[in-house]
Amino acid sequence: LENLQPEIKELARRLRYEVSVRGKQLGWSEKVARSHFARNMRRLVTELYVRDNCHPFKATLLLWVQVPMWVCVSLALRNCSVGALGSAVQEQFSSGGALWFTDLTAPDSTWILPVSLGLVNLLVVEV
């Protein structure tokens, strides 16, 4: 989308000129000229999106999948950690950690995991 902006600006400039010339020839009011410009500009931009296969909805598609997935995983982990699945699962979480986090039911007092997860997420977004 960002790569199309110079082309869209140039198309808008040319279309604005063509509409003003045509409007003067046919005696259009300013409101009619703006309407013709807006309609033709939408059509041209849509053609560019189709040509380059970069519709703006595609940028939000990941969000519509990722947010519900994140909510479901968060709720599942919360249910596991508070013992909603039974005491056997609770016991496994309290003794099944590794390295410095041996109890998966206790909060991380060092903040290593939350900070590293945030940094990795930022890295993924920036790359």
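Taking a temperature of 25 °C and a viscosity of 0.890 mPa s, what whole-number D in µm²/s does Stokes-Einstein yield for the chain with Rh from Kirkwood over alpha carbon pairs?
Numbers: Rh = 20.2 Å.
Taking Rh from Cα pairs, D becomes 121 µm²/s.
Could you tell me which of rounded, prolate or oblate describes segment 59-126, using a ≥ b ≥ c as the square roots of the eigenvalues of the alpha-carbon gyration tensor, with rounded for a/c under 1.5 and, failing that, prolate when a/b is larger than b/c and oblate otherwise?
Working: a/c = 3.69, a/b = 1.45, b/c = 2.55.
Because a/c hits 1.5 or more and a/b fails to exceed b/c, segment 59-126 counts as oblate.
From the backbone phi of segment 101-114, what are the Karplus-calculated ³J(HN,Hα) couplings (6.51 cos²θ - 1.76 cosθ + 1.60, θ = phi - 60°) in whole Hz, Gly and Pro given as x?
10, 7, 10, 6, 8, 8, x, 7, 6, 8, 6, 5, 5, x
Read-outs throughout are calculated quantities, based only on the coordinates presented, and are distinct from any laboratory measurement. These numbers come from a predicted model, not from an experiment.
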